2 protein chains.
Amino acid sequence: MNAITTIGQKAVVLSSGGLDSSTVMAIAKDEGFKIYSLSFFYGQRHAIELDAAAKVADALGAQKHLVIHIDLGKIGGSALTDDIDVPKTRDEQEKPTKIPVTYVPARNTIFLAHALAWAEVIGSSDIFIGVNAIDYSGYPDCRAEYIEAFERMANLATRACVEGITFTKIRTPLIHMTKGQIIRKGIDLGVDYGLTHSCYDPSPEGLACGRCDSCILRKKGFAEAGVKDPIRYIS
Amino acid sequence: MNAITTIGQKAVVLSSGGLDSSTVMAIAKDEGFKIYSLSFFYGQRHAIELDAAAKVADALGAQKHLVIHIDLGKIGGSALTDDIDVPKTRDEQEKPTKIPVTYVPARNTIFLAHALAWAEVIGSSDIFIGVNAIDYSGYPDCRAEYIEAFERMANLATRACVEGITFTKIRTPLIHMTKGQIIRKGIDLGVDYGLTHSCYDPSPEGLACGRCDSCILRKKGFAEAGVKDPIRYIS
C-alpha cells in the first residue's frame, strides 16, 4: 500500500476497544487515513469494551466514533451474549479445530455489513478489521478466505461499487501477525494499551479475569513482545 | 428443489410485510418448511410494514416471528431512513440504470447477515429472500450475482458451515418473475394480499400513496395478474 495515495482519505475501522482493533486503528492512521471508528453494542454481557473503544478512538484522533446497537442477544447462540459460562481453560493448540462457545454467530459478517453501509455513506473505500489467523480463538469469520469472500460480495452490494465510484477493500493488516508482533507494532505507533480491554469476563470493577481465552492470548502476546501489560488483572 | 427433502426443516424467511416477501413465505411453507420469519426495525420512517409482517407471519403459520432493531438511521444515506423526500415519479425503464434515493446502503447485506446468524442458531440451512431482478427498483443488492456472492461468503462465515454440518442456501424464488407472476403465484398459495403493505410513503392512517416507486410496481403487478388489489390507496 502506497501511503501517498491514502493521505486524507477516509477509512472505517471496526473497533472493539481491544488490543487488535486498537493496533489496526493506529496502522490506518499511520497510512494517512482519516479514521471513522465503528463499535457495536450487541447485548454483550460486559459493555466495558465500549468505554475502551471510545477512549482509543479519542486517543488516536478519530474524526468520528459511532456506536451501533444490534440485537444479537435476541438471536442468541453465544457465551458472549447469553447466560452461558465463559470457559477458563484454553485449548493450547495454536489453531483450535473446534469452534468455542464464545463464538458469536455471523458476528463479523454483521459488523462488516454495517461498516460497508457507513463506508458507502461517508465515501470511504477502505474498511479495516483486526482479524488474525495466528493467535486467535478459532472463529471461522477470522480467516483470510472468509474476508476475501466478503470483499467480493461487498463489491456487488453497494451503489458506489456498482456505479464504479469505488472498489471496497477489506483491510486486515494483522492477519498473519502473532500477538507479540501486533503489540510491538502498536507500541512503535504509540498505542496506549492501558486504554484497551480484552477480557471476556471482567470483574464488576472492570478488572480482567486473566483466565479466559482472550486474557490468555493477551498475556502471551505481551510476554512474547517482552513488554509489560499496562492493564490490571484479578489473577 | 425436491419438497420431500425439506418437509419439517426450518427456513429463515426475511419479511418486510410486503407483497414479495409474503409470497416468498408462502412458497417456503408450500415446500414443507417450518417458517422462522425475520423482520427489521431499522429507523424506517413508517413502521406500518412491521404490523403487516406480523400479520402475514401469523396468517401463514410461522413458528416464530422475530423483529430485530438495527441502527441504519444512525448511518443515514437513504430517503427511507432520512428526512429526504420519497420521489413520486418512477423512471419507466424496466431496469433503471441509476440507483434511486430510496436505496438503503448495504441493507440486504445487513438483513442477510442477521438471517445467517439466526439460521445458524436454530439449525436452518435455507434463507429465503424476496429479491427480484425484473420489476425492481434498481438496487444493486437485489441481483443474482450479489446473492451468489453472499451465499459463497456465508459458507465460509459460520461454525455450522465450516464444521460441515450444513451448507447455507440463499433462496430467491422470485428472482426471475414479474410482479404479475408473483401475485398469481401468491394467490394460488392462498396469500391474503390485504394484509401486506408496500408503500414507501403512507398516510398517517396507513393508506398507500399510490404514487411512489413501490406503489407503482404493486399496481402494475395487480393489473398484469388481472386481480383487484385488496388494499386501499389515497390516490
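Bear in mind these aren't lab numbers, they're just calculated from the coordinates by the rules spelled out. The structure displayed is predicted, hence computed values, not measured ones. Counting neighbours? That spans all protein chains shown, and the Cβs are built from the backbone with ideal geometry, glycine included.
Shape descriptor for segment B:102-223: Rg over Rh equals 1.02 (Cα atoms; Rh from the Kirkwood inverse mean 1/r). Residues whose amide H lies under 5 Å from that of residue B:171, counting only those 5 or more places away or on a different chain, are B:127, B:128, B:129; hydrogens are built 1.01 Å from N in the peptide plane.
For residue A:34, the residues 5 or more places off, or on other chains, whose built amide H falls under 5 Å of its own are A:8, A:9, A:10, A:11. With a ≥ b ≥ c taken as the square roots of the eigenvalues of the C-alpha gyration tensor of segment B:188-228, please select rounded if a/c is under 1.5 and otherwise prolate if a/b is larger than b/c or oblate if it is not? Oblate, since a/c reaches 1.5 and b/c is not below a/b.
Averaged across B:67-76, how many Cβ atoms of other chains sit within 10 Å of each residue's Cβ atom?
Whole-number average of other-chain Cβ neighbours for B:67-76 is 6.
Take each residue of peptide B:116-129, count the partner chain Cβ atoms within 10 Å of its Cβ, and average: the result is 3. Counting only other chain Cβ atoms within 10 Å of each residue's Cβ, the peptide B:140-149 averages 4.
Kindly flag which residue pairs out of B:185/B:220; A:74/B:64; B:55/B:228; A:179/B:74; B:34/B:185 have an alpha-carbon separation exceeding 22 Å in this structure. It would help to have the intermediate numbers written out before the result.
Details: B:185/B:220 16 Å; A:74/B:64 12 Å; B:55/B:228 20 Å; A:179/B:74 34 Å; B:34/B:185 19 Å.
As for pairs spanning more than 22 Å Cα to Cα, those are A:179/B:74.
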